[in-house]
Amino acid sequence: MILAGNIERSVLHLDLDTFFVSVERLKNSRLYGKPVIIGGMSDRGVVSSCSYEARKYGVSSAMPMKLARNMCPDAIVIRGDMELYSNYSNIVTGIIAERAPLYEKASVDEHYIDLTGMDRFYGCYKWSHELRQYIIKETGLPISIGLSVNKTVSKIATGEAKPNGEIEVQKETVIPFLDPLSIRKIPMIGDKTYHVLRSMGIATICTLRNIPAEMLEKLMGKNGIEIWKKANGIDSTPVVSYSEQKSISTEHTFEKDTTDMVRLNQLLVSMVEKIAFELRKQEKLTSCITVRIRYSNFDTHTLQKRIPYTSFDHVLADIAKELFTRLYQRRMLIRLIGVRFSHLVKGVQQLDMFDDTPEKVSLYMAMDKLRKRFGRDAVRRASGVMTISEREEKALKQLENAIKEQNMMEERLRSGHWH
């Protein structure tokens, strides 16, 4: 692709190979060369990640653990540690941030770097090679890279460079590089789309790109056009600066300033639940949560915490309440409360694949399905909603206070003390 001003783009894609497994191997060198599966320990758990040795037996991510164990009985199964993986992910991001002119953190283990124009000064491939070597030296983690004219081709190139390799695909070789590859290599094509295309006799990218774009549009709508473009090596998607990744936030201003801790905590849980649903809807994870309060005198205070990547509100709500407790020290009336999730990356929720409770993942999926169909408030967490008894108790207190005030007014009138 060509940018305005006829500048040819250079986009680098970096992908940490079998990331979770590689981190575990840093901890335990005896895992090298052996089939390793990361995920829930029980038969009812799910595979989150697996080594190349395990993949040879047919094991893959999101597979039921019982099936994975049957396919690869000698595999070493590890529960996984999202906090540890998040730390290593941030170390790699830190190295890239120090050196890259413009980078995007696309997921926990993937980055894009826009190197457009660097060839005039240094050489994009030489710079990319040296960056990869430095990451390997500093972290001990294997990483593959692809360098090409846009995000799609560089990502496909990375896939071809694995494991632990590097490939450059120059503008004039994009089509010859893509043509013989399976349509599965195109990032947008999932299982459903793959089977539809295969049923039409389309197996390679070459066949796909030679089908009229209008035919694919009729078959798949706008997605058909996007798939055709990618098959032709066309992708104008920009590398989005990581610092500009949008945060997701919400806040609530009270009609009447309050110090009601029960109400404040309930509201906090409800707010977290609301924006965590938005995270999951966008298939994003957060690694930073911020709580904000404004007192009645308009003093505003915030507190934030870096956390392992997640999009589950039962995790985020506890952290939000912890931050609020630390933040609310002045015991003054509160005018506003807010919550923000930042440092967002693209990625499906993986950390609870390490639990022995796949029901929790299923529960979230079921709740989100109901919300998408009937609205965001269709299902709400009990801790974020005032119970009937709590509402009744609050109403009774308000009634008692009103009666007391009425009695006091009448007493003053009778005694002649009313002014």
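Quick look at the values:
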item	result
Those residues of region 175-191 which are modelled with pLDDT under 95 and of a type in the set (Asp, Glu), in sequence order	Asp191
Odd one out for Pro238 among (1) within 30 Å of Cys206 (Cα to Cα); (2) buried (at least 17 other Cβ atoms within 10 Å of the Cβ)	(2)
Unique residue being of a type in the set (A, V, I, L, M) and farther than 27 Å from Lys246 by Cβ when the list is Met71, Met82	Met71
Close pairs (6 angstrom Cβ cut-off, 6 or more residues apart or separate chains): under 11 Å from Gly233 (Cα atoms) in region 170-183, modelled with pLDDT under 95 anywhere	none
Residues located in region 125-166, provided they are in contact with a Phe, Trp or Tyr (Cβ under 9 Å, 6 or more places away or on another chain), of a type in the set (Ser, Thr, Tyr) and within 14 Å of Leu16 (Cβ to Cβ)	Thr139
Region 61-83, residues that are surrounded by fewer than 19 Cβ atoms within 10 Å (Cβ to Cβ) and on the phi > 0 side of the Ramachandran plot	Ala62
Any hit, region 79-90, residues being over 30 Å from Gln170 (Cα atoms), over 22 Å from the mean Cα position of the chain (by Cα) and of a type in the set (S, T, N, Q)	no
Verdict on Ala62 being in a helix (DSSP H, G or I) and more than 13 Å from Tyr242 (Cα to Cα)	no
Lone qualifier among Lys230, Lys274 - being buried (at least 16 other Cβ atoms within 10 Å of the Cβ), closer than 30 Å to Pro101 by Cβ and of a type in the set (D, E, K, R)	Lys230
Selection count where residues are among the aliphatic types (A, V, I, L, M), over 20 Å from Lys105 (Cβ atoms) and crowded, with 21+ Cβ neighbours inside 10 Å, scope region 287-322	4
Among the residues listed as Ser22, Ser86, Ser10, the single one being surrounded by 17 or more Cβ atoms within 10 Å (Cβ to Cβ), in contact (Cβ under 8 Å) with a residue 40 or more places away in the chain, of a type in the set (Gly, Ala, Ser) and in contact with a Cys (Cβ under 7 Å, 6 or more places away or on another chain)	Ser10
Number of the exception - Leu67 against (1) modelled with pLDDT under 95; (2) under 30 Å from Tyr122 (Cα atoms)	(2)
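The values are calculated or read from the model by the stated rules, or taken from the named source; none is laboratory data. Predicted, not measured: the structure shown is a model, and the values here were computed from it. Glycine also receives a Cβ, built like all others from the backbone with ideal geometry; neighbour counts cover every protein chain displayed.
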